[in-house]
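Enquirer: Pasting in a structure now, in structure tokens, and then I'll have a few things to ask.
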Amino acid sequence: MERRKKKYNWEPYVFIAPNFIGFIVFILLPVLFSLGISFTDFDIFKGFSHTSFVGLENFKTMFADEWFWVALKNNILYTAVTIPVTLVISIVLAVVLNNKTYCTNAIRVMIFIPYIASIVAISVVWMMLFNPSQGLINQFLIALGVSNPPGWLGDMQWALPAIMMVGIWMGLGYNTVIYMAGLQGISESLYEAAQIDGASKWQEFIYVTVPMLRNTTFFLVVTSVIASFQVFGTVNIMTNGGPGNATTVLAHYIYVSGFRYYKMGYAASMAWVLLIAIFGVTLLQWKYQKKHESNF
Amino acid sequence: MQSKRKLIKLILTLILMVVALVIVFPFIWMLVCSFKPLNEIYEFPPRFFSPNMSFDNYKEVLFNQNPSFMTYFKNTVITTAVAVIGTVFTSSMAGYAFAKLNFKYRDQLFMLYLVTMMVPFQVLMVPQFIQFKYMGIFNTLWALILPRLFTPLGTFLMRQFFLEVPTEIIEAGRVDGLGEFGIFYKLVLPLAKPAVSTVVILNFVWRWNEYEAPLIFLTDSKLFTLTVGLTSFIDEAGFAQDNLIMAAATVALIPMILVFLIGQKYFIEGLTSGSVKG
């Protein structure tokens, strides 16, 4: 620590200034501004002169708003299904790719592609594949003998699972690569010890690999939960929240409220609820990391 | 024993190759359909090659639309390039100051940056929308560029890197009378290439694929980036023109995929480096 004398020069401020000015103007002020708006009935057509302070009215409306609850329910369902499925598939892929295959890098690059692809392009292809009458998926299912294949994106029951499938598909490569990095940190001696104890490959996986990857898993769970509460692109393009409210999720409902119905005060208050939820999840991560670091 | 192990390795490789092909299949199919006439893209069983494949869809999408995908492409390149260069500039300077220079409230300020890293775009979009209207940059490319010149995550990544740089190097520069800016530019920044490349890659991917911000801040279709250009094209074309839509989607996707394949090692490292802390 270079804590010499407490004398401050002017240069550090020049270093920090470009970033800090932008930070204040484009992040800090909007965040505070957003909190302010969330207690008003602001919309862009009324302007500020006709806007009134409504106190907690937006939050009361929210708790009575059936669509908000449906969006929350769908979002929780999306999170609860996509994350475990993605993690289980990725951990298996990572273990197999780790020293047990040829062409590891080529495979890794291929499965990573959905992660860097534009959400719009992705949604467009999947819409074509999901087309109920002519799409490849249903034609394939019919050829396999399924007489009444799902209507996918246009079907109340299947629209959300379809969105989930795309979400899982997008995240697999990223999660696998992170798990592969995590595997590098597991000492070979643990496996040798397990082999001496006569453990099978499956037992090694369950009793050595999975527990040793718990920090990686925790990191992935936290970041994926945060990301899944902001899922927007696939929903907005593929289903627009429909049919009915079958695929309405938080970020989409916030967008629709603010920019289609112009209820900006209401949108801001819902966004703040989202922020508080994300903040909570992050705090949980910090606490866990602190606790875990002190164990070493 | 040795040959049995090799056989297992070969079988696993084949299985994973099939998995990987299934995963990239939507992109392959997109590419195939982008060359086909409309009446052939919903054929079953599907054909990967047909004698009727041509560049007609691309010609239509690139040259016969108004605005054309060339315009969207240009807007995307401008926005991405300016935002990426700008953010490297501001975050490397600020990251260095947070890591190695002393100033008042440094650590409190950095804490504030950390906290705002988790603010989702949904919180910022309403106030930014109003702000941009008042600033007169709503419906200009500046609305996409300006707020992206300052990424707290970029600052965070640069700071983490600069913390590892030995302070002796900086002290030596001071002894040589280089001055704070000379030290940063001549001694420290050249060491930071890995961190800079991470920041460049992360921001390149995010800006190129950005969808929600242009959806909200742009209304003039001449200013659209590839993502919103593509969605507005779909809205107009409708699903009677899926072959054109596939060509348009390929145009939007190909540059990113090519850049990714060329620099895949750096891309995968950069995009996943957020996870390797502590």
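The values are calculated or read from the model by the stated rules, or taken from the named source; none is laboratory data. Given the structure is predicted, the values throughout are model-derived calculations rather than measurements. Here the Cβ positions follow ideal geometry from the backbone for every residue, glycine too, while neighbour counts run over all protein chains shown. Please note that ligands, DNA and RNA were not included when accessible areas were found on the heavy atoms of the full protein model with its side chains. Shrake-Rupley method; radii C 1.70, N 1.55, O 1.52, S 1.80 Å.
Enquirer: Using only the Cα atoms of chain B, build the gyration tensor, take square roots of its eigenvalues as a ≥ b ≥ c, and label the shape rounded, prolate or oblate: rounded if a/c is under 1.5, else prolate if a/b is larger than b/c, else oblate.
Expert: It is oblate, given that a/c is not under 1.5 and a/b is not larger than b/c.
Enquirer: Let me ask something else. Any idea what the dipole of the stretch B:2-56 comes to, in debye rounded to 20, about its Cα centre with Lys/Arg Cβ at +1 and Asp/Glu Cβ at -1?
Expert: Around 660 debye, computed over the stretch B:2-56.
Enquirer: How high is the relative contact order of the stretch A:36-172, given as a whole-number percent (alpha carbon pairs under 8 Å, six or more residues apart)?
Expert: Numbers: 90 pairs, mean separation 29.2, N = 137.
Once divided by the residue count of the stretch A:36-172, the mean separation gives 21 percent.
Enquirer: Give the calculated FRET efficiency between residue B:102 and residue A:143 to the nearest 0.05, with a Förster radius of 51 Å applied to their Cβ-Cβ distance.
Expert: E(calc), rounded to 0.05, equals 0.15.
Enquirer: Between B:189, B:203, B:231, whose Cα lies farthest towards the positive end of the dipole of the stretch B:137-241 when Lys and Arg beta carbons carry +1 and Asp and Glu beta carbons carry -1, centred on the Cα centre?
Expert: Ranked along the dipole, the leading option is B:189.
Enquirer: Expressed as a whole number of Å, what is the distance separating the alpha-carbon centroids of the stretch B:247-261 and the stretch A:200-221?
Expert: 36
Enquirer: Using a probe radius of 1.4 Å on protein heavy atoms only, what is the accessible area buried between chains B and A, both sides summed, to the nearest 100 Å²?
Expert: The contact between A and B buries close to 8900 Å².
Enquirer: What base-10 log of the normalised intensity I(q)/I(0) is obtained for the stretch A:58-294 from the Debye formula, alpha carbons as equal point scatterers, at q = 0.07, 0.14, 0.15 Å⁻¹?
Expert: The Cα Debye sum returns log10 ratios of -0.30, -1.02, -1.11.
Enquirer: Here's a follow-up. Ignoring ligands and nucleic acids, what accessible area does residue A:180 show with a 1.4 Å probe (Å², nearest 10)?
Expert: Answer for residue A:180: close to 30 Å² accessible.
Enquirer: Further question on the same structure: Farthest toward the dipole's positive end in the stretch B:2-56, which of B:54, B:31, B:11, given Cβ charges of +1 (Lys, Arg) and -1 (Asp, Glu) about the Cα centre?
Expert: B:11
Enquirer: Considering the dipole of the protein assembly as shown built from charges on the beta carbon (Lys and Arg +1, Asp and Glu -1) around the Cα centre, which of B:20, A:218, A:162 is farthest to its positive end?
Expert: A:218
Enquirer: Placing +1 at every Lys and Arg Cβ and -1 at every Asp and Glu Cβ, with all other atoms neutral, what dipole size does chain B have around its Cα centre, in debye to the nearest 20?
Expert: Charge dipole of chain B: 840 debye, to the nearest 20.
Enquirer: Give the peptides B:38-50, A:29-41 in descending order of average Cβ contacts within 10 Å, highest first.
Expert: A:29-41, B:38-50
Enquirer: What is the calculated FRET efficiency for residue B:115 to residue B:139, with r their C-beta to C-beta distance and R₀ = 35 Å, to the nearest 0.05?
Expert: Computed FRET efficiency for residue B:115 and residue B:139 comes out at 0.65.
Enquirer: Still on this structure, I have one more. Which whole number gives the average, over all residues in B:126-138, of C-beta atoms from other chains lying within 10 Å of the residue C-beta?
Expert: That average works out to 5.
Enquirer: Compute the normalised compactness of the stretch B:158-278: alpha-carbon radius of gyration over 2.2 N^0.38 Å, N being the residue count.
Expert: For the stretch B:158-278, the normalised Cα radius of gyration comes out at 1.56.
Enquirer: Counting only heavy atoms of protein chains, what accessible area per residue, in Å², does chain A have with a probe of 1.4 Å?
Expert: With the other protein chains kept in place, chain A gives 48 Å² per residue.
Enquirer: Got a sec? What order do B:5, A:260, B:174 fall in by accessible area at 1.4 Å, biggest, i.e. largest, first?
Expert: My answer, sorted largest first, is B:5, A:260, B:174.
Enquirer: Please average, across the residues of B:106-113, the number of beta carbons from any other chain that are within 10 Å of each residue's own beta carbon, and give a whole number.
Expert: 2
Enquirer: While we're on this one: Based on alpha-carbon centroids, what's the gap between the stretch A:134-183 and the stretch B:50-74 in Å, whole number please?
Expert: Here the two parts' Cα centres lie 29 Å apart.
Enquirer: When you look at the Cβ of every residue in B:258-270, what mean number of other chain Cβ atoms sits within 10 Å?
Expert: Per-residue shielding by partner chains comes out at 3.
Enquirer: Still on this model: How long are the semi-axes of the ellipsoid equivalent to the protein assembly as shown, from square roots of 5 times the Cα gyration tensor eigenvalues, in whole Å, largest first?
Expert: 38, 34, 25
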